[in-house]
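Read the figures in this text as sums done on the coordinates, not as results from a lab. Keep in mind it's a predicted model, so treat the numbers as computed, not measured. Please note: Cβ atoms are built from the backbone with ideal geometry, for glycine as well, and neighbour counts cover all protein chains shown.
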Number of protein chains: 2
Amino acid sequence: MATRTRNTERREDALSKERIIEAAVEMLDAGGESALTFRALSATLKTGPGAIYWHVANKGELLTAATDAILTGAMPPADAGGTPQEAIRAVAIGVFDAIEAHPWAGEQMSQLASQSTTLRVFERIGRQVQALGVPGPAQFFAASALLNYILGVAAQNAAMARSVQQGTDRTEVLDMVAALWNSLDTDEYPFLRTIAAQLRDHDDRAQFLAGVDLILAGIATLTRPA
Amino acid sequence: MATRTRNTERREDALSKERIIEAAVEMLDAGGESALTFRALSATLKTGPGAIYWHVANKGELLTAATDAILTGAMPPADAGGTPQEAIRAVAIGVFDAIEAHPWAGEQMSQLASQSTTLRVFERIGRQVQALGVPGPAQFFAASALLNYILGVAAQNAAMARSVQQGTDRTEVLDMVAALWNSLDTDEYPFLRTIAAQLRDHDDRAQFLAGVDLILAGIATLTRPA
DNA sequence: ACCTGAACACCGTTCAAGT
DNA sequence: ACCTGAACACCGTTCAAGT
């Protein structure tokens, strides 16, 4: 039954950076950053820990590469058409959904200043900010505001996902947070207690988009000065 | 010369959570999160590693406590007066400056969803959003947008600070980032190359505040609906 | 009640040695 | 060129034992 095996199928179990990243993403998805271990990884790949170091410089590079792999696939095509606002929303939602599916990447992104993934998102947003007609000097901080907001939400979602024991339900988590907010001192935390009620039936994704639109509304004031 | 030593001064070297946190902050300031080790910490405090565990549950709690200590002192007084916008800017700048002085705390904040520090900032912002006259249902996402933007910037600054070798100059770092942006492909990264020039004489703090104002401008559109 | 410090169960990383 | 796996230099954390 091995007769049909040709050269092309040979050594499909050979180590490569791609296979390492693929296995790393699986481990990260399963158990977060602490689950990614060179020992566990090399066991999965049926090699020694040292073998990985021939393809990857260190754990940091592996984490960066894994984050890149996730987010490259998550970005919508650049020529999608539509208004600049729609294009910005599409990029933002792409990042958001990717982080929701792979929370460990959220931690990574906000730790990776000027890394290729972040740069690509920044570029995409910046181009649309230009298309909106924001004057030159303001383009930088307008695009930065959007990027930092997106990264901030990404990190918060990652943190939330990590604090959740696997198996805990989504609404269960919201209930716990709402309970925490309600347990706060009424005099010191009036605002949080007020919105605790809204937490239960609130939609993370819709709220995230509302934030994007809020910043877009602010950007709009830059294009038609008072 | 020990005659004047009274009971009050006795055992001033006794271990306490406060002394542990104080020492931890010093180590974090000196070398970032990786410099904080229970062994190094106990050596500084002249005890064994186990002693620390009597006052602190684990490293995570210590990190949280250290972050709290930094940010509690950084927040402006709640009754500072002025417009809601000014109050929001004051809180934002308080966080920004604290992170600039203690970059490790920036990493921490964005990993600590619903932690006391973050909740306090959220509360302060939320109250001012209410004061601005934002209608009830929109208060939540308006305050969230501001908070997430602030946390996003905090994390980016922390990441930047960590990537910088100690001793590297500030302008030197900006030059390196500008050089990186300029080295990008012209066709793929036109926006980044355009703003790379602005990077050299750009003021992080002013840019951060411009972002806050941008979101405030967006929030203003919520109070007087079209 | 509070502290000691050896020991446990891990890490990331290196490197001589193999093929 | 690529892989092996023992070894190094660490970690956070525990816990019997001390005072």
Averaged across the residues of B:195-203, what count of C-beta atoms belonging to other chains lies within 10 Å of each residue's C-beta? 2
Taking every C-alpha to C-alpha distance in the stretch A:13-96 and binning by 5 Å from 0, the per-bin percentages run 3, 14, 22, 19, 12, 9, 9, 7, 4, 2, 0
Quick one: putting +1 on the C-beta of Lys and Arg, -1 on the C-beta of Asp and Glu, what dipole do you get for chain B around its Cα centre, in Debye to the nearest 20? 880
Rh (Kirkwood, all Cα-Cα pairs) for the stretch B:104-226, Å, reads 16.8
Please say if the stretch B:183-226 is rounded, prolate or oblate, where rounded means a/c under 1.5 for a ≥ b ≥ c the square roots of the C-alpha gyration tensor eigenvalues, and otherwise the choice is prolate for a/b larger than b/c and oblate otherwise? oblate
How shielded is B:132-144 by partner chains, expressed as the average number of their Cβ atoms within 10 Å of its Cβ atoms? 4
With θ set to phi - 60° and the Karplus curve 6.51 cos²θ - 1.76 cosθ + 1.60, what are the ³J(HN,Hα) couplings of the stretch A:132-137 in order, to the nearest whole Hz, using x for Gly and Pro? 6, x, 5, x, x, x
Please compute one quarter of the surface area of the Cα convex hull for the stretch B:19-60 and express it in square nanometres. 2.6
What is the dipole size for the stretch B:110-226, taken about its Cα centre, with +1 at each Lys and Arg Cβ and -1 at each Asp and Glu Cβ, in debye to the nearest 20? 660
Residue by residue, what Karplus-based ³J(HN,Hα) values in Hz, rounded to whole numbers, does the stretch A:182-197 have, using 6.51, -1.76 and 1.60 with θ = phi - 60° and x for Gly and Pro? 6, 7, 6, 5, 4, 6, 7, 10, x, 5, 4, 5, 5, 8, 4, 5
Provide an ascending nm list, one decimal, of label-point separations from A:Ala14 to the equivalent residue in each further copy; define each label point as 7 Å from Cα along Cα→Cβ. 6.8
Divide, for the protein assembly as shown, the radius of gyration over alpha carbons by 2.2 N^0.38 Å, where N is the residue count. 1.07
For B:Ala43, inter-copy label distances in nm, listed shortest first [label point 7 Å out on the Cα-Cβ vector]: 3.2
Among B:Asn148, B:Ala159, B:Ala206, whose Cα sits farthest toward the positive end of the charge dipole of the stretch B:104-226 (+1 at Cβ of Lys/Arg, -1 at Cβ of Asp/Glu, about the Cα centre)? B:Asn148
How many nanometers, to one decimal and shortest first, lie between the label point of A:Gly31 and those of its other copies, if labels sit 7 Å from Cα toward Cβ? 2.8
Report the Cα centroid-to-centroid distance between the stretch A:107-177 and the stretch B:83-143 in angstrom, as an integer. 17
Just name one of B:Leu192, B:Leu216, B:Asn58: the one whose Cα is farthest towards the positive end of the charge dipole of chain B (beta-carbon charges, Lys/Arg +1, Asp/Glu -1). B:Asn58
Note down the relative contact order for the stretch B:78-223 as a percent, whole number, built from C-alpha pairs under 8 angstrom at least six residues apart. 31
For chain B, projected area of the alpha-carbon convex hull averaged over all directions, nm²: 18.4
Cβ-placed point charges (K, R +1; D, E -1), dipole of the protein assembly as shown about Cα centre in debye, nearest 20: 540
Note: A:204-217 gets an average of partner chain Cβ contacts (10 Å, Cβ to Cβ) equal to 5
Using +1 at the C-beta of Lys and Arg and -1 at the C-beta of Asp and Glu, which of B:Thr171, B:Pro135, B:Ile99 has the Cα lying farthest in the positive direction of the dipole of the stretch B:64-209? B:Pro135
